[in-house]
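Take a look at the structure set out below.
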Amino acid sequence: MSENTSERDFIPVNIALMTVSDTRQFATDKSGDLLQARIKEAGHILAARAIVKDQQTHITQQLRAWIADDNIDVVIATGGTGLTGNDITPEAFAEVYEKEISGFGELFRQLSYDIIGTSTMQSRATGGLSCGTYLFALPGSPGACRDGWDKILKSQLDARHKPCNLVELMPRLREHL
């Protein structure tokens with residue numbers, strides 16, 4: 001089983017938070033608020049937060065801007081990962097990926113199965129990497145955001161997590177650039 005250890009120092013990462021929605025405002029963005037609180041509670045830095053319309057060009061434009069920003073290490077999005085006509089977040093993310101982190105979506109659905117059963121097949125949660133920036137897209141429900149953060153991202157974005165974590169890879173993510 002994995003663990004956090006005090007043998008390593010905590011390294012805060014700069015995280016941008018994107019809510020994909022045609023209807024949410026900051027005042028009604030419960031999933032964004034939940035993720036923002038958990039990011040800060042974990043000791044990380046909320047570098048940016050935006051609500052972006054359910055349109056692929058808007059999502060990719062925001063992703064590209066944050067990927068180009070040296071002050072952003074990770075982008076976490078919520079919303080637009082389902083199956084309806086407006087749910088195009090995974091397609092927008094795939095457009096900017098250099099590498100997909102397929103294990104993120106697989107693990108999210110595995111953990112989600114224990115909670116919502118076969119309904120988890122409707123989730124297209126996804127993760128990837130572009131120009132040294134980690135990109136993760138979670139479903140729009142507060143429960144899914146809580147599970148994605150608490151059960152996956154919190155530990156993987158903690159440099160103290162053993163046996164390995166995403167933070168320790170960050171210095172090497174731009175070797176090819």
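The values are calculated or read from the model by the stated rules, or taken from the named source; none is laboratory data. From a predicted model like this one, the values you see are computed outputs, not experimental measurements. Here the Cβ positions follow ideal geometry from the backbone for every residue, glycine too, while neighbour counts run over all protein chains shown.
Among the residues of the range 137-157, those identified as in a helix (DSSP H, G or I), aliphatic (A, V, I, L, M) and in contact with a strand residue (DSSP E or B) (Cβ under 8 Å, 6 or more places away or on another chain) are ALA144, LEU153. Close Cβ contacts (under 9 Å, 6 or more residues apart or on different chains) running from residues in the range 3-22 that are farther than 30 Å from HIS58 by Cα and among the hydroxyl-bearing types (Ser, Thr, Tyr) to residues that are modelled with pLDDT of 95 or more and part of a loop (DSSP other than H, G, I, E, B) comprise THR5/ARG160; SER6/ARG160.
Quick one: count up the residues across the range 158-177 that are assigned to a helix (DSSP H, G or I) and buried (at least 21 other Cβ atoms within 10 Å of the Cβ). Total meeting the criteria: 1.
Kindly indicate whether ILE72 is within 22 Å of ASP147 (Cβ to Cβ) and under 16 Å from the mean Cα position of the chain (by Cα).
Details: within 22 Å of ASP147 (Cβ to Cβ): no; under 16 Å from the mean Cα position of the chain (by Cα): yes.
Judged against the criteria, ILE72 is not a match.
Could you go through the range 82-99 and let me know if any residue there is assigned to a strand (DSSP E or B) and surrounded by fewer than 14 Cβ atoms within 10 Å (Cβ to Cβ). Checked against the condition, which is being assigned to a strand (DSSP E or B) and surrounded by fewer than 14 Cβ atoms within 10 Å (Cβ to Cβ), the range 82-99 yields at least one hit. Residues that are among the β-branched types (Val, Ile, Thr) and without any contact (Cβ under 8 Å) to a residue 40 or more places away in the chain within the range 114-139 comprise ILE115, ILE116, THR118, THR120, listed in sequence order.
When the range 96-113 is filtered for residues that are touching a residue at least 40 places away in the same chain (Cβ under 8 Å) and out of contact with any Leu (no Cβ under 9 Å at 6 or more places or on another chain), the ones remaining, listed by number, are LEU107, LEU111. Contact map, the range 58-76: residues that are over 17 Å from LEU169 (Cα atoms) paired with residues that are in a helix (DSSP H, G or I) and among the small types (Gly, Ala, Ser), Cβ distance under 6 Å, separation 6+ or inter-chain. Pairs shown: ILE59/ALA92; THR60/ALA92.
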